[in-house]
Each structure stands twice: as C-alpha cells, then as structure tokens.
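Colleague: Handing you this structure, nothing more for now.
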Amino acid sequence: MDSWHGWPRRADARYSSAAVRRAAHALRSRSRPSSQANNPVRAQLSFAAADRLHRSAEFLRLQRNGVRFQSPHFVVYASRLDHEPDRSRLGVTVSRRIGNSVVRNRVKRRVRECFRKELRAHLPTGTSIVVIARGGAGALESATINDELMMAARNLRGRIASRGD
C-alpha cells in the first residue's frame, strides 16, 4: 500500500508517517529556547497562568477578607493570600450586564494589560487583587481604565500597609 506521499511503504516499517511527524514536531518544540528564560524583561512583564486567580474560593476569600476600593467603573479587592507570599495575582470578573462577549473580553484584556504593565509594580509584593467591572466599564478606553485602576492601587497600597496584611 502506498503512503500518503505516494511512495511505497516499506514492509519492515514500524511507525506510521503520522507518528514520525508528531515525533519530529515534539523534538523541534523541545529544542526551542524559552523566551522567558532568555529575556528577563519579558519574564517580568509577562502574565502567565500562575499570575491569575483560578478558583472561586480565592475570589471569595479576597472579597470577604480583603481591603475594598470602589471607583466609578470598578470595585477592587486586595489582600495577601497565605500560600503565595512572593507573587501578585489578578482575578477579573465581568458580568453580562457589562455587554456582550466581545465587550466583556475587551474589558478583561485591558484590565490584564494594565496589571501586567503598571499595576503589579505599584502593589506590595504578594498582594492579590480582584477587579469587578461595573456598569459603563465596557465603553471605557484603555487609558481611562488604567487611570482608575492606578488610583485604586495607590489607595489600596496605603490601606494594606497600615493594616499590616
């Protein structure tokens, strides 16, 4: 029987051509250098899965025990979680009242970008925050979102330091 290239298949061939392609791809991807390992600036400004709050229990703990700041378009909770003392993490909640999925995802992307570029540096190390979008957040430009969240970060930083959290 012919292989997918049109060449006759060897009788003693052990592997299918698809398996060979998968193995070659795995070797190529393993040999690529990690961009974060080679570039410390990129690693510092990255936003990986470890920088996110994932479980609803983490969101609820921050909302119950954290310091709260309310701006016109966002509610921000901040506190330090016990199990991650050296990493600042972000959780974003955008309800359907804000808009359709395009608008909600745009707000989340802009909040993550603000956290990645500036907000993380203004918070004490190990501080996790939850940002909840309020009505009208979907119509904001990136600069306005950045200004509101930076104002929240300045306020929360002082309150967390005074609380000894």
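Colleague: How would you classify the range 92-154 from its alpha-carbon gyration tensor, with a ≥ b ≥ c the square roots of the eigenvalues: rounded for a/c under 1.5, else prolate if a/b is greater than b/c, otherwise oblate? Walk me through the intermediate numbers first.
Modeller: Working: a/c = 2.17, a/b = 1.83, b/c = 1.19.
Prolate is the answer for the range 92-154, as a/c is 1.5 or above and a/b outweighs b/c.
Colleague: Something else now. What is the gain in length, in nm to one decimal, between Met151 and Ala57 on full extension, counting 0.36 nm per residue of separation less the C-alpha to C-alpha distance?
Modeller: Values: separation 94, 0.36 × 94 = 33.84 nm, distance 2.65 nm.
Using 0.36 nm per residue and subtracting the Cα-Cα distance, I get 31.2 nm.
Colleague: So for the pair Asp86, Arg109, with labels modelled 7 Å out along Cα→Cβ, what separation do we get in nm?
Modeller: A separation of 3.3 nm, rounded to one decimal place.
Colleague: Are there GluC sites (Glu not before Pro) in the range 98-158 that DSSP marks as loop and that have at most 14 other Cβ atoms within 10 Å, and which are they? Write down the numbers at each step before the final one.
Modeller: Numbers: sites: Glu113, Glu118, Glu141, Glu148; in loops: Glu141.
Those that pass, being in a loop and sparsely packed, are Glu141.
Colleague: A follow-up question, please. Could you list Asp147, Asp51 in order of exposure, starting from the residue whose Cβ has the fewest other Cβ atoms within 10 Å? Don't skip to the answer; put the middle values down first.
Modeller: Details: Asp147 14, Asp51 17.
Listed from fewest to most nearby Cβ atoms, that is Asp147, Asp51.
Colleague: For Ser88, Ser46, Ser71, what ranking results if the residue with the fewest other Cβ atoms within 10 Å of its Cβ goes first?
Modeller: On the way: Ser88 21, Ser46 13, Ser71 17.
In order of increasing Cβ crowding within 10 Å: Ser46, Ser71, Ser88.
Colleague: Please give the per residue volume of the convex hull enclosing the alpha carbon atoms of the range 49-163, rounded to a whole number of Å³. Walk me through the intermediate numbers first.
Modeller: Working: hull volume 11.0 nm³, N = 115.
Taking only Cα atoms, the range 49-163 has a hull volume of 96 Å³ per residue.
Read-outs: derived from the displayed coordinates by stated rules, not from any lab. Model, not experiment: these values are computed from the prediction. Positions of Cβ are backbone-derived with ideal geometry, glycine not excepted, and every protein chain shown enters the neighbour counts.
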